[in-house]
Amino acid sequence: MISGSLVALVTPFHNGEIDEDALRCMVRWQIDQGTQGLVPAGTTGESATLSAVEHKRVVEIVIDEAAGVLPVVAGAGSNNPREAIEFSEHAVGSGATATLHVAGYYNRPNQEGLFKHFEAVHDATDLPIIVYNIPPRAVVDINPDTMARIAELPRIVGVKDATGDLNRPILEGMRIKKEFSYLSGEDGTAVAYNASGGNGCISVTANIAPALCRDMQIACAEGDYKLAMSLQRQLMPLHVALFFEPSPAGAKYAASLLGLCSSECRLPITELTPGAKKAIDDAMLQLGLIQLRKRA
């Protein structure tokens with residue numbers, strides 16, 4: 001079962017192109033920091049502005065650099081089932097542990113259409129699949145009954161839940177009768193989600209504070225919610241600051257302060273304003289992730 005702190009990796013760029021060296025360094029750093037899983041080519045990886053060739057290359061690099069040390073859940077989602085299947089087949093050939101699939105955006109299918117999408121993707125390969133439910137971006141919500149129906153497909157093994165609804169792991173858990181990974185897709189609710197039945201998080205903040213995110217997830221797994229909440233309170237200013245402006249601009253700026261990559265994003269994501277940068281500076285200073293420095 002996939003669980004714990006998984007990082008939704010940013011995709012580093014240099015002069016408009018994928019910075020492959022930086023991506024490899026980021027994977028090695030995540031391993032050294034104790035991250036429990038890698039999720040490339042997702043929302044935070046700017047998959048929406050990657051070409052198909054670039055998308056596949058990012059997945060290949062992460063899997064190659066991880067070298068079997070950590071599970072790699074390859075982003076493979078698309079509102080076009082044919083493209084989703086193409087990315088899934090590539091993930092199989094590249095050696096991914098599982099795939100992450102989002103569906104529904106722009107098309108706006110009904111619940112039957114969502115089920116049929118995941119059924120088609122499921123039947124195309126033998127890889128385990130995590131369903132990504134993110135209504136704010138995908139427009140449509142996979143309701144608990146539909147999630148349970150999708151979960152009846154044998155290789156559907158979990159959900160990344162970015163609904164913000166803390167009832168979901170309870171409601172879905174009442175309907176899903178097999179071992180299932182319930183992963184929060186929101187850093188700010190990760191501890192509360194686990195308390196409601198979750199067992200992990202696919203995290204943006206883990207790009208910047210992977211060890212703290214891991215420690216928080218371990219505390220939850222061990223039932224030490226007092227410690228987990230203490231860590232979450234420390235992390236909350238960073239959680240908030242990273243999303244002052246559209247993601248992943250915040251995560252990339254923060255990563256640049258750590259020397260991991262440039263802050264470069266692709267349009268329509270733009271550079272952070274000075275106020276957003278200051279909020280991230282302050283949150284990282286408070287956590288001891290960076291040292292005090294003069295601001296320009």
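The values are calculated or read from the model by the stated rules, or taken from the named source; none is laboratory data. Note that the structure is predicted; figures quoted are calculated from it, not measured. Backbone-built Cβ (ideal geometry, glycine too); neighbour counts: all protein chains shown.
Please specify each residue of the range 10-57 satisfying the condition of being under 15 Å from PHE87 (Cα atoms) and in a strand (DSSP E or B).
If the condition is that a residue be under 15 Å from PHE87 (Cα atoms) and in a strand (DSSP E or B), then VAL39 is the only one that fits.
Does the range 216-237 contain any residue that is among the charged types (D, E, K, R) and in contact with a Gly (Cβ under 8 Å, 6 or more places away or on another chain)?
no
Name the single residue that is nearest to ALA283 (Cα to Cα) among those in the range 208-237 being assigned to a loop (DSSP other than H, G, I, E, B) and charged (D, E, K, R).
Step by step, filter the range 208-237, then rank; the result is ASP224.
Do you know which of the residues in the range 84-100 that are in contact (Cβ under 8 Å) with a residue 60 or more places away in the chain and under 12 Å from ILE63 (Cβ atoms) is surrounded by the most Cβ atoms within 10 Å (Cβ to Cβ)?
ALA98
So that you can scan it fast, the table gives a plain yes or no per residue for (1) touching a Cys at 6+ places or on another chain (Cβ under 6 Å); (2) crowded, with 20+ Cβ neighbours inside 10 Å; (3) of a type in the set (Ser, Thr, Tyr):
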position: VAL204; (1), (2), (3): no, yes, no
position: ASN207; (1), (2), (3): no, yes, no
position: PRO210; (1), (2), (3): no, yes, no
position: GLN217; (1), (2), (3): no, yes, no
position: CYS220; (1), (2), (3): no, yes, no
position: TYR225; (1), (2), (3): no, no, yes
position: ALA228; (1), (2), (3): yes, yes, no
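Looking only at the range 16-47, count how many residues are over 18 Å from the mean Cα position of the chain (by Cα) and in contact (Cβ under 8 Å) with a residue 40 or more places away in the chain.
6
Filter the range 84-102 for residues that are closer than 27 Å to ASN143 by Cα and outside any helix (DSSP H, G or I) and give the result.
Within the range 84-102, THR97, ALA98, THR99, LEU100, HIS101, VAL102 qualify.
Please go through the range 239-268 and pick out each residue that is aliphatic (A, V, I, L, M), in a loop (DSSP other than H, G, I, E, B) and either free of Cβ contacts under 8 Å to residues at least 24 places away in the same chain or surrounded by fewer than 18 Cβ atoms within 10 Å (Cβ to Cβ) (or both).
Residues satisfying the conditions are LEU258, LEU267.
Do we find a residue being in contact (Cβ under 8 Å) with a residue 24 or more places away in the chain, more than 15 Å from the chain's Cα centre (by Cα), surrounded by fewer than 19 Cβ atoms within 10 Å (Cβ to Cβ) and part of a loop (DSSP other than H, G, I, E, B) anywhere in the range 58-67?
No, that holds for no residue.
Going through the range 164-187 one residue at a time, which ones are in contact with a Gly (Cβ under 6 Å, 6 or more places away or on another chain) and either surrounded by fewer than 16 Cβ atoms within 10 Å (Cβ to Cβ) or hydroxyl-bearing (Ser, Thr, Tyr) (or both)?
ILE170, SER181, TYR182, SER184
On the given criteria, is PRO71 more than 20 Å from VAL10 (Cβ to Cβ), modelled with pLDDT of 95 or more and not aromatic (Phe, Trp, Tyr)?
Here the answer is no, as PRO71 does not meet what is asked.
Tell me whether the range 281-295 contains one or more residues that are on the phi > 0 side of the Ramachandran plot and part of a loop (DSSP other than H, G, I, E, B).
Yes; the residues of the range 281-295 include at least one that is on the phi > 0 side of the Ramachandran plot and part of a loop (DSSP other than H, G, I, E, B).
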